[in-house]
Amino acid sequence: MRIAVTGATGNVGTALLRKLGADTDVVGLVRRPPALAEPYDRASWVSVDLASDDSEITLTEVFSTVDAVVHLAVAFQPMRDRDYLERVNVGGTARVTRACAAAGVTQLIHLSSGGIYAAGAYGVEVDEYWPRSGVPTSTYSMDKAAAELVLDEFESAHPEVTVARLRPGLIGQYEFGSAILRYALPDIVPSSVVDHLPVVPIDRTFAVPAVHSGDVGDAVVRILDRRASGPFNLAAPTPVRAEDVADALGARIVPTSHRILSAAVRAGFAAHVLPVHHGWVDLAFATPLLDTARAQRELGWMPTVDGPEVLRETVRGMRERAHAASPPMRKRTTADRVRSFGRRGFVSRGRPS
């Protein structure tokens, strides 16, 4: 089988490359092709920017040579450039679907998110038919919900294409550690701050579904093999709770209302002190837990890493500056922080680097 994978150098893409068998020929479509180190040496690479309208030409050319398309690409930053995020996350998905139609692709797998689900069932498992209206204050959630509407239209117009949607919880792995530090910490804050957190302010109601990157990659492989269609929730059996966060960080909980946390992050973001938008806090306290019975039944999928262990492994990766040999998964270094701060100030204001 020959497949095209957008966003193949990211968190899930890196894990997927390790899960695919030697009999799968992979074309990776990314903005910045990686060095050909493991696991990126398992694919050929094409440079494409999904934010650009011109990308549709390249996508169509590549898709005309493959049996299936796996759309993993997503933009998390710069969080202040709303237009860019939407052009990648929603517009990019539309360009992928149009290219699939033009190239005659018969199987499309899209990485959506459990974050598309509407609030109202916090701490309770929901299946794939819970309302998909998202969390209004989270740009990530609203973009993912809008991308699913793009898929709805595509499926209606092209019933001959087998379309599957993955809706995972929080996705983590050891090598994602440095990337999280780059996303979450201001440039002036050293990575070592993770080693010295005496307390963690958090609402004790915190309960978030989580899943290991490798288990998401495994689900993709199973969907490819079975040509499965429809939506699939993906999460480990045990959610991540406030006590798990404190344990992973070696810190003491300071009980804090999620509304206060959201307001504090909102103020920090508005003051250009924090790079994280308050919508991420709101999403964490609105996303329901995920019923994964359909994935287990239709795919034979079973997670191998439980939720709290996903968090512990990811935090260990943050502490040890874990990384991979791709631009999105690269190591957060002092030199990078200095260059970034000189170019951007406290937090990201322009295109991602």
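The values are calculated or read from the model by the stated rules, or taken from the named source; none is laboratory data. Since the structure is predicted, the reported quantities are computational estimates derived from the model, not experimental observations. Using ideal geometry, Cβ is built from the backbone for each residue, glycine included, and neighbour counts are taken over all protein chains shown.
Things to note:
- Residue within the stretch 152-167 that is buried (at least 22 other Cβ atoms within 10 Å of the Cβ) and under 24 Å from A263 (Cβ atoms) present: no
- Taking the stretch 238-296 as the range and being modelled with pLDDT under 95 and touching a Ser or Thr at 6+ places or on another chain (Cβ under 9 Å) as the test, only P275 passes.
- Filter result (free of Cβ contacts under 8 Å to residues at least 40 places away in the same chain and under 27 Å from F269 (Cβ atoms)) within the stretch 126-148: R132, S133, G134, P136, M142, A145, E148
- Each residue in the stretch 115-146 was checked for being in contact with a strand residue (DSSP E or B) (Cβ under 7 Å, 6 or more places away or on another chain) and under 18 Å from G92 (Cβ atoms), and 1 pass.
- Restricting the first member to the stretch 57-68 and to residues that are in contact (Cβ under 8 Å) with a residue 40 or more places away in the chain, and the second to residues that are among the basic types (K, R) and loosely packed, with under 14 Cβ neighbours inside 10 Å, the beta-carbon pairs closer than 9 Å and six or more apart or on different chains are T65/R2; V66/R2; D67/R2; A68/R2; A68/R227.
- Top-ranked residue in the stretch 101-123 [being more than 22 Å from the chain's Cα centre (by Cα) and not small (G, A, S); ranked as surrounded by the most Cβ atoms within 10 Å (Cβ to Cβ)]: V105
- Some residue of the stretch 155-167 being in a helix (DSSP H, G or I), over 15 Å from H110 (Cα atoms), at pLDDT 95 or above and of a type in the set (A, V, I, L, M): yes
- Qualifying positions in the stretch 274-314 - among the β-branched types (V, I, T), crowded, with 23+ Cβ neighbours inside 10 Å, in contact with a helix residue (DSSP H, G or I) (Cβ under 9 Å, 6 or more places away or on another chain) and in a loop (DSSP other than H, G, I, E, B): T287
- The set of residues in the stretch 316-330 that are in contact with an Asp or Glu (Cβ under 8 Å, 6 or more places away or on another chain) and not in a loop (DSSP other than H, G, I, E, B) comprises G317, R319.
- Within the stretch 170-182, residues that are of a type in the set (D, E, K, R) sit with their Cβ atoms under 6 Å from residues that are part of a loop (DSSP other than H, G, I, E, B) and modelled with pLDDT of 95 or more, at 6+ positions apart or across chains, in these pairs: E175/A324.
- Top-ranked residue of the stretch 209-260 - restricted to ones that are on the phi > 0 side of the Ramachandran plot and in contact (Cβ under 8 Å) with a residue 60 or more places away in the chain, ranked as surrounded by the fewest Cβ atoms within 10 Å (Cβ to Cβ): R227
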